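The next block holds one structure in the form of structure tokens; read it before the comments.
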Amino acid sequence: MEINYQYTLPKTSRPIIIIGAGGIVNDAHMPAYRKAGFEVYGITNRTKERAEIIAEKYDIPRVFDSIDDAIAQAPENAVFDLTLMPNQFVATLEKLPDGAPVLIQKPLGDYFEQTKKIIEVCRRKKLIAAVNCQLRFAPYVMAARDMINKEAIGKIYDMEVKVSVYTPWEIFPNVVHHPRLEIQQHSIHHIDLVRSFLGDPKGIMAKTLKHPAKEMSSTRTNVIMEYDDDVRALVSTNHDHVFGFDHQESYVKWEGTKGAIYAKMGLLMNYPDGVPDAFEYCILEEEKKPEWKTKQLEGSWFPDAFIGTMSSLICYANGESDQLDTSIEDILKTMHVVEAAYKSSDMGGVKPEYGSI
């Protein structure tokens, strides 16, 4: 089967200015941009030395003294790549030129009131704003989307995201003590992914939980996303599987009336080293036993998916595409789902009426 899983690179690139120099820039943004051949015009960071280290490693020609300095020296057609923490988004977005293209790191706010402020400034300044929900562009996701768009597995009636791994949160000091750790910082990827395939859910049932021996706000979550009465959509995550690698799981599975797709998200397993991804599919054939086939895909979530989000933004800003895949208006709907998940978790489930008869 011919499967297309490549994103569309812009015909004309634009100079990128990176605002922030955290680990995600070193591990994903810069490896992705270098692989794609994008021009990174310059970088700035509150601690200039961190920006200088990344600039030297990746041959970035300019290290700006401040955000104001970076914006003042930005070419007219620059794209701004915000890799800051959400509490810095609004003040930084206010400084950008009106109408500028900007890629904002997820999540789109630490809480919904902050999200609304981010949306307001982007709308008011008419920014061409996208959010870096890059899992949508992972090679195995792109391959699955191509097959589903071609109706290769028929009508989707089941989508499941399952993550049962050990995540060393201590290597993420900026979020380890976040009051909304698991959904806001991690499962938002999976919720957004389900939305991108099945659309906006009618309702949400969720529970997010902490570990009894850890001081983090939450490390495990179940989210049921409600669609039609014949569609199941489930996100189930457990970051506390400390029992070795043998039974770790990390996958997305789509089941349809004509077949199924299974994608292993190897990045999350044996973290931070990861394991190879896997992409398998099964197409039902009349009077034949179901057979799973494997397709070798090039690339992975990190760093390749980061090429996809930036490419989508540049193509849209150039007028080469009429679709901005992770626009702030679309990701706002993901944030609504995230907020609903927290409300559902806080409300709790329906209590059985024990002893009522």
R0 = 22 Å: FRET efficiency of residue 94 with residue 174, Cβ-based, nearest 0.05?
0.50
Regarding the range 16-89, what whole-number volume in Å³ per residue does the convex hull of its Cα atoms give?
84
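For the chain, what does the convex hull of the Cα positions come to per residue, in cubic angstrom? All intermediate terms of the calculation are to be shown ahead of the outcome.
Values: hull volume 59.9 nm³, N = 357.
Value for the chain: 168 Å³ per residue.
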For the range 1-138, place one equal point scatterer on every Cα, skip the solvent, and apply the Debye formula. What is log10 of I(q)/I(0) at q = 0.10, 0.16, 0.20 Å⁻¹?
-0.33, -0.84, -1.28
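Under 13 Å from the Cβ of residue 179, count the other residues' Cβ atoms, weight Lys and Arg +1, Asp and Glu -1, and hand me the total. Could the numbers behind the result be given before it?
Details: positive: 180, 210; negative: 110, 182, 215, 346.
Taking every Cβ under 13 Å from that of residue 179, the sum is -2.
Pop the C-beta distance of residue 295 and residue 197 into the FRET formula with R0 = 22 Å and round what comes out to the nearest 0.05. Each step should come with its number before you reach the end.
Working: r = 18 Å, r/R0 = 0.84.
Computed FRET efficiency for residue 295 and residue 197 comes out at 0.75.
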Determine the gain in length on full extension of the stretch residue 213-residue 6; use 0.36 nm per residue of separation and subtract their C-alpha separation, reporting nm with one decimal.
70.2 nm
Below 30 Å, Cα to Cα, which lysines can residue 117 reach? Residues fewer than 8 away in the same chain don't count.
48, 95, 106, 125, 126, 202, 207, 210, 333, 343
Taking only C-alpha pairs under 8 Å that are 6+ residues apart, what is the relative contact order of the range 282-356 in percent?
13
Quick P(r) readout (the range 278-357; Cα-Cα; 5 Å bins; whole %) gives 3, 10, 9, 9, 10, 11, 13, 13, 10, 6, 3, 2, 1, 0
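Rounded to the nearest percent, how much of the accessible area of the range 13-140 (1.4 Å probe, protein heavy atoms only) is carbon and sulfur? It would help to have the intermediate numbers written out before the result.
Working: 2470 of 5230 Å².
The computed percentage sits at 47.
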If the elastic network links every pair of Cα atoms under 10 Å, which of 96, 108, 313 fluctuates the most in the Gaussian network model of the chain?
96
Which of the chymotrypsin sites (Phe, Trp or Tyr not before Pro) found in the range 204-302 are loop residues per DSSP with 12 or fewer other Cβ atoms within 10 Å of their Cβ?
243, 245
Restricting to lysines and to Cα separations under 16 Å from residue 11, and discarding same-chain partners fewer than 8 apart, the set is 35
Result for the chain: accessible area per residue, probe 1.4 angstrom, in square angstrom, of 48
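Let me have the 222 nm mean residue ellipticity of the chain computed from DSSP H runs of 4+ only, each contributing -39500 (n - 2.57), with the sum over all residues rounded to the nearest 500. Could the numbers behind the result be given before it?
Values: 9 runs with 101 residues, N = 357.
Here the helix-only value at 222 nm equals -8500 deg cm²/dmol.
The values are calculated or read from the model by the stated rules, or taken from the named source; none is laboratory data. Nothing here was measured: the structure is a model prediction, and the numbers come from that model. Quick reminder, even Gly has a Cβ in these numbers, built from the backbone with ideal geometry, and neighbours come from all protein chains shown. Note: areas computed on protein heavy atoms with side chains; ligands, DNA, RNA excluded. Shrake-Rupley method; radii C 1.70, N 1.55, O 1.52, S 1.80 Å.
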